[in-house]
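Scroll down for the structure; my scribbles are underneath it.
The values are calculated or read from the model by the stated rules, or taken from the named source; none is laboratory data. Not measured: the values here are computed from a predicted model. In this analysis, Cβ positions are derived from the backbone assuming ideal geometry, glycine residues included, and neighbour counts consider all displayed protein chains. With ligands, DNA and RNA removed, areas are computed over all heavy atoms of the protein, side chains included. Shrake-Rupley method; radii C 1.70, N 1.55, O 1.52, S 1.80 Å.
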Amino acid sequence: MIKIQNLHKSYGNTAILKGIDVEVKDGEVLAIIGPSGSGKSTLLRCLNFLEKAEKGIIEIDGAKVNVEQYTKADVVQLRSKTGMVFQNYNLFKNKNALHNVSEPLRLTKKMPKKQAEQVAYDLLAEVGLKGKELNYPVALSGGQQQRVGIARALALNPYVVLFDEPTSSLDPELVEEVLNVMKDVMKQGRTMIVVTHEMEFAKEVADRVIFMADGYIVEQGTPEELFTNP
Ligand code: ADP
Ligand code: ADP
């Protein structure tokens with residue numbers, strides 16, 4: 001499971017996260033919605049230490065870190081539990097699809113190069129990009145690039161995949177193909193946290209929805225609980 005306790009994050013004197021408590025069960029899909037600037041992306045980035053929170057406890061699948069007191073090994077262990085999908089894909093422009101996906105395996109030296117390539121081939125096939133392995137990002141559509149981003153996030157077989165507005169940069173006609181790949185990831189039973197503006201995704205796919213505003217969680221519940229008018 002994932003357990004976040006009393007997480008606080010500021011930029012300068014501005015508090016962005018003001019005491020966030022969240023629990024996510026194994027295999028659960030959590031959607032985070034809320035107005036722009038409410039801290040959704042910051043919350044995701046604090047979970048894998050892309051940003052460092054000032055206070056709080058983050059526990060992911062048994063890897064527990066007090067953000068005020070931790071070792072580098074704690075952070076490495078925590079990061080190994082997460083894969084991240086970014087709004088703007090964050091692919092290496094000078095690497096082809098295959099090398100983008102195999103990069104996390106290469107960096108962590110998890111397996112020999114040949115085996116890492118095979119894993120990357122298989123992941124690209126899973127996201128529907130068979131035959132595109134040698135394409136560079138510039139030769140892929142936005143939807144295809146984001147599917148490479150999802151394959152890369154899965155490369156280390158993480159406990160949870162963190163999606164930060166994964167479809168917000170896409171032309172409307174490309175959103176569906178990315179949402180479909182996300183549904184496939186969900187069917188594998190993978191735990192997912194998705195910051196999204198796609199209300200249909202939050203309503204139909206998420207097990208639970210959190211509504212954030214101004215650095216707080218102001219409401220949470222099942223989609224039925226949150227989206228049914230009283
Ligand atoms: P959301 O994802 O809900 O739109 P963010 O987490 O991206 O919100 O941002 C929350 C607030 O933190 C915004 O006011 C934003 O301007 C601010 N912020 C985000 N990143 C930084 C940063 N690196 N430095 C200073 N302020 C930041
Ligand atoms: P440092 O330079 O402090 O050791 P890095 O930011 O380079 O830390 O990351 C260490 C490891 O964590 C690398 O193997 C990197 O690939 C991995 N990593 C970093 N950010 C992420 C992320 N968002 N998702 C998955 N793995 C990540």
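Among all the lysines, which ones have a C-alpha under 19 Å from K113's C-alpha, if same-chain residues fewer than 8 places away are not counted?
K113 reaches K95.
Considering only A15, I32, Y89, whose Cα is most displaced toward the positive end of the charge dipole of the chain, charges sitting on Cβ of Lys, Arg (+1) and Asp, Glu (-1)?
Y89
Under 1.5 on a/c is rounded, so check that first for the chain, then, if it is not, pick prolate when a/b is larger than b/c and oblate when it is not; a ≥ b ≥ c are the square roots of the alpha carbon gyration tensor eigenvalues.
oblate
What is region 136-212 by shape, rounded, prolate or oblate, if you read a ≥ b ≥ c off the alpha carbon gyration tensor as root eigenvalues and call it rounded for a/c under 1.5, prolate for a/b larger than b/c, and oblate otherwise?
oblate
Give the carbon-plus-sulfur fraction of the accessible surface of region 157-207 in %, rounded to a whole number; probe 1.4 Å, heavy atoms of protein chains only.
44
Go through I2, A155, T196 and say which Cα lies farthest out towards the positive end of the charge dipole of the chain; charges sit on Cβ, +1 for Lys and Arg, -1 for Asp and Glu.
A155
Among rounded, prolate and oblate, which fits region 1-102 when a ≥ b ≥ c are the square roots of the eigenvalues of its C-alpha gyration tensor, a/c under 1.5 means rounded, and a/b larger than b/c means prolate?
Working: a/c = 1.56, a/b = 1.32, b/c = 1.18.
Verdict is prolate for region 1-102.
Mind jotting down the distance between the C-alpha centroids of region 8-25 and region 26-83, whole Å?
10
Holding the Cα-Cα limit at 18 Å, pick out from K93/K183; K9/K52; K18/K40 the pairs that are longer than that.
Values: K93/K183 27 Å; K9/K52 8 Å; K18/K40 12 Å.
Pairs exceeding the cut-off: K93/K183.
So what's the back-of-envelope 222 nm ellipticity for the chain, counting only DSSP H runs of four-plus at -39500 (n - 2.57) apiece and dividing by all residues, rounded to 500?
Value at 222 nm, helices only: -10500 deg cm²/dmol.
Express the relative contact order of region 9-87 as a whole percentage, based on alpha carbon pairs under 8 Å and six or more residues apart in sequence.
21
Determine the per residue accessible area of the chain with all protein chains present and a 1.4 angstrom probe, expressed in square angstrom.
Per-residue accessible area for the chain comes out at 48 Å².
For K187, go through the aspartates and glutamates and keep the ones whose alpha-carbon is under 14 Å away, minus same-chain ones fewer than eight residues off.
Hits, sequence-local ones excluded: D26, E28, E126, E204, D207.
Say the dipole of the chain comes from +1 at the beta carbon of Lys and Arg and -1 at that of Asp and Glu; which of T222, L105, S141 then lies farthest toward its positive end?
It is L105, whose Cα lies furthest towards the positive end.
What size of dipole, in debye to the nearest 20, comes out for the chain about its Cα centre when the only charges are +1 on Lys and Arg C-beta atoms and -1 on Asp and Glu C-beta atoms? Mind showing how you got there, number by number?
Working: 28 positive and 30 negative charges, 249 e Å.
Charge dipole, the chain, about its Cα centre: 1200 debye, nearest 20.
For the pair E176 and A73, how long in nm is the line joining their label points, each one 7 Å along Cα→Cβ?
Calculated label separation equals 5.1 nm.
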